[in-house]
1. Subtracting the Cα-Cα distance from 0.36 nm times the residue separation, let me have the gained length for S83 to V102 in nm, one decimal.
2. Under 5 Å between amide H atoms, partner at least 5 residues away or on a different chain: which partners does G30 have, H built in plane at 1.01 Å?
3. Using the count of nearby Cβ atoms within 10 Å as a rough guide to exposure, how do F147, F35 rank from fewest to most?
4. With a sphere of radius 10 Å drawn around the Cβ of Y48, what net charge do the other residues whose Cβ falls strictly inside it have (Lys, Arg +1; Asp, Glu -1)?
5. Given the DSSP H assignment, sum -39500 (n - 2.57) over each helix run of at least 4 residues in the chain and divide by its residue total; what's the result at 222 nm in deg cm²/dmol, nearest 500?
6. I want to check the label-to-label distance for D64 and L228. Put each point 7 Å from Cα in the C-beta direction and report it in nm to one decimal.
7. What translational diffusion coefficient, in µm²/s and rounded to a whole number, does the Stokes-Einstein relation yield for the chain at 37 °C and a viscosity of 0.692 mPa s, taking the hydrodynamic radius as the Kirkwood radius over Cα pairs?
8. Of all beta bridges DSSP finds with both residues in the chain, what is the antiparallel percent, to the nearest 5?
Amino acid sequence: MKKLLTIVMTLTLALTLAATAQAKKKIIVGHDTNFMPFEFKDPKTGQYVGFDIDMWKLIADKMDIAYELQPMDFNGLIPALQSGNIDAAIAGMTIKSEREKVVDFAYPYYDAGLIILVRADNNDIKSLEDLAGKVVATKLGTTSEDFVKKNAKAKGVSLFPNIDGAYMELGTGGADAVLFDSPAVMYYAQTAGKGKTKVVGPLYMGQSYGIAFPSGSKLREQVTIEILKLMESGEYAELYKKWFGTEPR
């Protein structure tokens with residue numbers, strides 16, 4: 001009887017330890033709340049969808065890891081990584097030196113740039129130089145904010161926690177232009193902003209997006225390997241075409 005009890009207790013302990021290990025294996029992945037077409041809430045299902053969401057699922061499936069998505073304001077992602085509240089962040093985040101000082105990035109998974117959006121009836125703004133003396137709207141805490149403040153000579157810069165706020169400001173006349181990441185701006189101009197807005201000028205400040213991790217995270221190298229494998233296998237190209245309609249450049 002004692003022997004049977006010992007076996008039962010041993011098995012119970014083993015199962016408990018296994019369950020604990022499995023629970024520890026689940027990682028928390030932060031993402032932006034609204035950055036079409038990278039991440040946004042599907043109005044029909046209430047679930048977050050987008051290029052970033054699908055990209056992370058592909059990576060996690062290849063690595064065989066459990067994860068939980070954590071939507072949050074873009075500006076809170078890096079502090080959340082630093083504090084250990086999340087284990088990774090995928091949010092169309094530009095890789096830049098200031099961020100590299102406090103977090104680690106995996107291999108870049110998307111190449112983009114900045115572009116200008118104006119109302120459809122605006123024929124005065126055609127380039128960065130034309131933003132001088134104008135009000136420009138963009139997203140708080142992004143590369144776009146830095147670029148506008150340093151280069152646009154704008155009369156004012158209106159900042160919003162989500163880019164939707166900048167689009168609304170443009171539509172109501174509170175801003176003369178929006179300057180933001182090219183994929184998001186072009187997606188908006190072809191969907192919700194179609195007929196009301198237009199993209200003008202060239203692409204500015206070529207930049208790459210990366211998945212961010214706390215400094216020293218072992219996940220960074222593993223994720224880098226999986227990103228490269230997805231690009232080599234053609235799976236990345238398929239996902240890219242699904243969301244952007246073209247082959248990756």
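1. Values: separation 19, 0.36 × 19 = 6.84 nm, distance 1.10 nm.
Result: 5.7 nm gained on full extension.
2. Q70, D87, A88, A89, I90
3. Details: F147 19, F35 26.
If I rank by nearby Cβ atoms, fewest first, I get F147, F35.
4. Numbers: positive: K41; negative: D32, E39, D42, D52.
Cβ neighbours under 10 Å give a net charge of -3.
5. Working: 9 runs with 101 residues, N = 249.
Result for the chain: -12500 deg cm²/dmol, rounded to the nearest 500.
6. 2.2 nm
7. This corresponds to a translational diffusion coefficient of 166 µm²/s.
8. On the way: 20 of 35 bridges.
If I count the DSSP bridges inside the chain, around 55 percent turn out antiparallel.
Where a number appears in this text, it was derived from the coordinates with a stated rule and is not lab data. Treat the numbers as computed from the prediction; the structure is a model and nothing was measured. Every residue, glycine as well, gets a Cβ built from its backbone with ideal geometry; the counts of neighbours run over all protein chains shown.
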